[in-house]
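Report on the following structure.
Taken together, the values in this text are just the output of simple stated rules run on the coordinates, not laboratory data. All values derive from a computational prediction rather than experimental measurement. Neighbour counts run over all protein chains shown; Cβ positions are idealised from the backbone, glycine included.
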Amino acid sequence: MDVPFINLPAQHDSIRDEIVQAMLSVLDSAAFAGGPFVERFEKEFAAYCDCHYAIGVGSGTEALWLTLLALGIGPGDEVITVPNSFIATAEAISFCGATPVFVDVDEATYTMDPSLVSGAISPRTKAIIPVHLFGQPVHMDPIVSIAERHDIAVIEDAAQAHGAQYCGRRAGSLGLAGCFSFYPGKNLGAPGEAGAVTTNSLELAQTIRMLRDHGQASKHNHKLVGWNGRMDGIQAAVLSVKLKRLQEWNTARRTIAKLYWEGLSGIDKIILPIEADYATHVYHIFAIRVPNRDKLIKYLAKLNIQCAVHYPVPIHLQPAYKGLGLSENKFLVAEKCASEYVSLPIYAELPDDQVSFICDSIVQWCS
Ligand SMILES: *Cc1c(COP(=O)(O)O)cnc(C)c1O
């Protein structure tokens, strides 16, 4: 049995004709950069996220960066986030000249520990970026109320959480803005690079729209120094096709998570992910924690089961962030988890018998 970590061809098989049609309609109308396909997807995605606006951009990283720029965040400012995320979260902060300030995560949920946020706020703090890591929404209410008290913005990094819910509300609608990635492997993936910002703020939406299009307020009227950060038509057209399946695919991921839970519970060595009572988790990643995880990964690889690690080195310990002067033992939970995570295969098309095979193989390794 061969179990890949991710299987996009299997996903595309089920909707191949629709995808091809969508791509051809972009080709025939030559609406490649921005344009009607992007506008349509923006409306659909905003509605899906229960937001007034969605702005399509070039990637998730760009969604975060342009949002921070639109809020006027720059040199001398601080933005609070977590060290256990994809590096893009911190890069976006650094790329507008601000400084990332990390707080540790909660050991049960792997997301920002709200009790640590107040202590990280300084007069320079301009925003907080909680990350809905692995598809589980952060415990947002306490973070949003701290932010309101200090008059700072909350920007969700929802790049792994399309469709996830917090107390029945959609990721992307929980702060001032939500930043999404449509990198091919995400729960909602484009056939290339793409991202979006969701918001209920008209002012923010307008500023990001300008920034992603060379600062243009109207043609040849460049009100701001902007950038080329438009989403392209092919990505948008295919995303519209896939958005219709997102709910069904997320439900399938949740079913697989349940199978993993049934197959792997009660093993001392393994810590399984939990779904918080306020959350509807969408399992972008199903990460278990095991001591000696490299050995388990090798063992499973021999059985042709591909696993991954998200992420083996927390951001503050990456060479790129040496300049922050943050040493080891600074964020104990994030560091411990980073050394133990193993991401198991999870996607809508993963057959039940393969999940059983993975569970049985792990149980065997543990015994
Ligand atoms: C994927 C991802 C990003 C970046 O998105 P890109 O589209 O790859 O630029 C940002 N944050 C998190 C948590 C991600 O998983």
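Brief remarks on what is shown
- Test: residue in segment 27-38 that is surrounded by 17 or more Cβ atoms within 10 Å (Cβ to Cβ) and among the charged types (D, E, K, R): no
- Failed item, numbered, when Leu204 is tested on (1) within 11 Å of the ligand (Cβ to nearest atom); (2) not in a loop (DSSP other than H, G, I, E, B); (3) not acidic (Asp, Glu): (1)
- Scanning segment 157-201 for residues that are within 15 Å of the ligand (Cβ to nearest atom) and of a type in the set (Val, Ile, Thr) returns Val197, Thr198.
- Filtered residues of segment 126-156 (kept if within 16 Å of the ligand (Cβ to nearest atom), farther than 20 Å from Leu243 by Cβ and not β-branched (Val, Ile, Thr)): Ala127, Pro130, Leu133, Phe134, Gln136, Met140
- Residue check for Phe45: within 16 Å of the ligand (Cβ to nearest atom), more than 22 Å from Gly215 (Cβ to Cβ), buried (at least 17 other Cβ atoms within 10 Å of the Cβ) and not β-branched (Val, Ile, Thr): yes
- Of residues in segment 55-97 being within 12 Å of the ligand (Cβ to nearest atom) and among the charged types (D, E, K, R), the one farthest from Ser118 (Cα to Cα): Glu62
- Scanning segment 112-132 for residues that are touching a strand residue (DSSP E or B) at 6+ places or on another chain (Cβ under 8 Å) and outside any loop (DSSP other than H, G, I, E, B) yields Met112, Ala120, Thr125, Lys126, Ala127, Ile128, Val131.
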